[in-house]
Structures are given as structure tokens and as C-alpha cells.
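Colleague: Starting off with a structure, shown below.
The values are calculated or read from the model by the stated rules, or taken from the named source; none is laboratory data. Worth saying up front: this structure is predicted, and the values here are computed from it rather than measured. Reconstructed Cβ throughout: ideal geometry from the backbone, glycine too, with neighbour counts over all protein chains shown.
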Amino acid sequence: MKAIITFLVLAFTTVLLNAQEFKFKQETINYGKIAQGSDGVRVFEFTNIGDAPLIIKEIKSSCGCAIPQKPERPIMPGEKSQISVSYDTKRVGGFFKAITIFSNAKTERKSLKIKGYISKKEKRKV
């Protein structure tokens, strides 16, 4: 019985020590107040602070109005990378959306957020 418990403790410790992990510069991007039709692309920058390659399997958005773009190749230990999100700025009003990352990191599911306010574009008088 002691051998089984010792094995489980060692296996668990090994998994924790050899884990991939994100470190984001920021986990929420605030667009602030922007004009309708403005550039809706923002970038989340991160570093793999683990000791093994980090693989982002999938990224999902809480709506079709925010389209995330994931890195296609593994992010090596110590390497920096980014996830870009394009929000549809044709929609007037406030927004708060979640971006969920699925990866091989120690925490398999990571949530990022975007928020802001799109103000209606004023028509110019000629």
C-alpha cells in the first residue's frame, strides 16, 4: 500500500513540475469608448512560463461577434506569443465578452475578457 501511495505522490509531483503554464500581460482588454466601424483587433500577449511546449488546442468566444486567432505552432518554454481577437465594431453599445482557451497547460481552460463601448458614428453634414 505504501508503494502505491508513494508512486501516486511521485507521479502527481512530476506532472506539476513538468507543466506548461501561461503568463499573460493582461487578462482583460478594455477597448474603452471607440467609434462605430473602428479597428476591432486587440492582442493578448503571453509567455510560456512552464518547462515544456505549450499547445493551444482551441479558442472559443462567447459570441460570433468576437473572433479569436490562436498560434498554430507550440510555444516553447520561455517563448512569448499572442492571441488576437477581432471584435465586430459595427454593433453600437456596450459589450463584455469572454474568450476561452483550451490547451495542454496545467490549467487546461483559461478565460480572457474583452469589454468596451461602441459609439454610433455621426453623419457628417456637407
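Colleague: Quick one: which strands (runs of 3 or more DSSP E) sit completely within segment 49-123 and have at least 1 residues that are touching a residue at least 24 places away in the same chain (Cβ under 8 Å) and under 14 Å from Q20 (Cα atoms)?
Modeller: Correct list: 56-61, 80-87, 93-103, 109-119.
Colleague: Name the residue, out of G37, G93, that is out of contact with any Lys or Arg (no Cβ under 8 Å at 6 or more places or on another chain) and surrounded by fewer than 16 Cβ atoms within 10 Å (Cβ to Cβ).
Modeller: From the options G37, G93, the qualifying one is G93.
Colleague: If you don't mind, there's one more thing I want to ask. Hey, could you check segment 41-53 for residues that are farther than 15 Å from L112 by Cβ and touching a Phe, Trp or Tyr at 6+ places or on another chain (Cβ under 9 Å) and say which is surrounded by the most Cβ atoms within 10 Å (Cβ to Cβ)?
Modeller: N48
Colleague: Among the numbered criteria (1) surrounded by fewer than 12 Cβ atoms within 10 Å (Cβ to Cβ); (2) in contact with a Gly (Cβ under 6 Å, 6 or more places away or on another chain), which one does E72 miss?
Modeller: Of the numbered conditions (1) surrounded by fewer than 12 Cβ atoms within 10 Å (Cβ to Cβ); (2) in contact with a Gly (Cβ under 6 Å, 6 or more places away or on another chain), the odd one out for E72 is (2).
Colleague: Looking at (1) small (G, A, S); (2) modelled with pLDDT of 95 or more; (3) exposed (fewer than 12 other Cβ atoms within 10 Å of the Cβ), can you tell me which one G64 breaks?
Modeller: Going through the list (1) small (G, A, S); (2) modelled with pLDDT of 95 or more; (3) exposed (fewer than 12 other Cβ atoms within 10 Å of the Cβ), G64 breaks only (2).
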